[in-house]
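A short write-up of the structure that comes next.
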Amino acid sequence: MNNFLISVVIPCYNEAENIPVLLNRLKSALEGYCYEIILVNDGSTDPTQQVIEAESMENTKVSYLCFSRNFGHQAALKAGIDHVKGDCIITIDADLQKPPEAIPEMIVLWLEGNDIVTAVSQNEGQPSGFKRWTSTVYYRVLSWLADHQIVQNGADFRLMDRKVADIIRKLQSRNLYLRGIFSWVGYKQALTFYKEERRHAGTTKYSLINMLDLASNGITSLSIKPLRFALAVGLFFAFLAFSYGLYAIVIVFLGRTVIGWASVVASIVFLSGVQLIVLGVIGEYIGKIYREVTQRPTYLVSKTNISNPSRNRKANKLTLDVKERRSAMT
Ligand code: UDP
Ligand code: MG
């Protein structure tokens with residue numbers, strides 16, 4: 001048995017049918033390791049909570065946090081990370097699209113000294129080419145806006161060292177976009193690849209609106225470049241208007257009359273559109289500031305079987321350094 005503890009965090013939103021299968025596969029994948037599993041029930045309306053409680057009665061390694069309502073995937077991940085005790089923490093979805101069998105390889109990469117190991121899907125099992133294409137474009141734009149590389153297809157199947165989890169724990173932002181945060185923190189990072197499987201049961205919990213919300217949150221929480229871009233657009237049109245004003249004065253002196261009602265209306269409509277877009281961008285950021293100043297917690301836990309989590313964390317020893325991790329390997 002190794003002398004380190006692995007924590008697995010699983011966000012669950014209406015995943016009752018998937019949880020027992022996932023736990024079985026995790027049990028085999030983690031055989032020989034010392035581990036704990038934290039299931040975060042993100043306000044499910046199906047029997048997820050009953051299934052979780054039954055599993056935790058049977059297996060003392062399984063604990064749970066039950067939210068008072070649906071707070072979203074990112075909040076569920078944050079809650080799990082807030083409550084773990086492990087030396088390394090792995091986040092994995094409940095739907096078995098990401099195979100637990102990839103975890104031992106991630107642990108090896110961690111033991112070799114990597115602090116964040118992101119598992120990247122090789123696109124197998126992704127249904128539509130359109131989703132893949134939009135995702136490529138999105139991650140390129142996001143990496144450019146954020147000034148650091150965001151891993152494409154690194155969809156929250158990840159291992160992080162305890163010290164990275166400690167940083168995430170301290171983040172109080174209400175607009176968490178963890179995929180971006182993991183590239184923002186830096187540290188030694190590695191990638192591992194897995195074949196994406198089909199969802200075991202149920203359907204995706206991410207509607208198009210949720211995806212757009214996550215995408216917009218990703219951009220606005222990592223970068224203020226859109227605001228600068230809005231300013232540049234404003235300056236460009238101000239310059240055009242100024243030049244046109246000069247031109248209008250000159251042609252009055254030259255005695256030529258200006259005709260063209262349609263062009264005037266078209267330019268007014270166009271500029272009003274630009275102004276509204278710019279206002280919308282500014283509004284997005286003001287909305288974020290509003291959420292931050294209200295200081296509401298990211299999630300509310302209504303039920304848990306974790307007793308005094310902060311004391312548990314302190315009781316566990318501090319981060320293993322690279323040397324200790326290497327010696328744990330041998
Ligand atoms: N999830 C969650 N809260 C939500 C939506 C999703 O905890 O509001 C969980 C869900 O149960 C799953 C993971 O997040 O374990 C990923 O969701 P899903 O598989 O539906 O997303 P997709 O793989 O389709 O992008
Ligand atoms: Mg999924």
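The values are calculated or read from the model by the stated rules, or taken from the named source; none is laboratory data. Here the structure is a predicted model, which means the values were calculated and not measured. So basically every Cβ, Gly included, is an ideal-geometry build from the backbone, and we count neighbours across all protein chains shown. What goes into the accessible areas is simple: the full protein's heavy atoms, side chains included, and nothing from ligands, DNA or RNA. Shrake-Rupley method; radii C 1.70, N 1.55, O 1.52, S 1.80 Å.
So the values come out like this:
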| read-out | value |
| --- | --- |
| Residue satisfying all of: in the range 85-116; of a type in the set (S, T, N, Q) and within 15 Å of ligand 1 (Cβ to nearest atom); most open to solvent (accessible area, probe 1.4 Å) among these | 97 |
| Residue match in the range 8-24 (condition: free of Cβ contacts under 8 Å to residues at least 12 places away in the same chain and surrounded by fewer than 22 Cβ atoms within 10 Å (Cβ to Cβ)) | yes |
| Members of the range 2-58 found to be within 28 Å of residue 161 (Cβ to Cβ) and assigned to a loop (DSSP other than H, G, I, E, B), listed by number | 2, 3, 4, 13, 15, 30, 31, 32, 33, 42 |
| Boolean, residue 232 is part of a helix (DSSP H, G or I) and either of a type in the set (Phe, Trp, Tyr) or open to solvent by less than 70 Å² (accessible area, probe 1.4 Å) (or both) | yes |
| Cross-chain or 6+ apart pairs with Cβ under 9 Å, the range 198-210 first and under 17 Å from residue 75 (Cα atoms) and more than 6 Å from ligand 1 (Cβ to nearest atom), then not hydroxyl-bearing (Ser, Thr, Tyr) and not in a loop (DSSP other than H, G, I, E, B) | 210/73 |
| Candidate set from the range 265-286 (those that are over 27 Å from residue 215 (Cα atoms) and either among the hydroxyl-bearing types (Ser, Thr, Tyr) or at pLDDT 80 or above (or both)); member that is least open to solvent (accessible area, probe 1.4 Å) | 267 |
| The listed residue being within 16 Å of ligand 2 (Cβ to nearest atom) and either of a type in the set (Gly, Ala, Ser) or surrounded by fewer than 16 Cβ atoms within 10 Å (Cβ to Cβ) (or both), out of 207, 216, 173, 183 | 207 |
| Residue check, residue 71 of a type in the set (Phe, Trp, Tyr), farther than 18 Å from residue 7 by Cβ, open to solvent by 10 Å² or more (accessible area, probe 1.4 Å) and more than 14 Å from ligand 1 (Cβ to nearest atom) | no |
| Failed item in (1) within 13 Å of ligand 1 (Cβ to nearest atom); (2) more than 15 Å from residue 162 (Cα to Cα); (3) open to solvent by less than 10 Å² (accessible area, probe 1.4 Å); (4) in contact with a Ser or Thr (Cβ under 8 Å, 6 or more places away or on another chain), with residue 66 passing the rest | (3) |
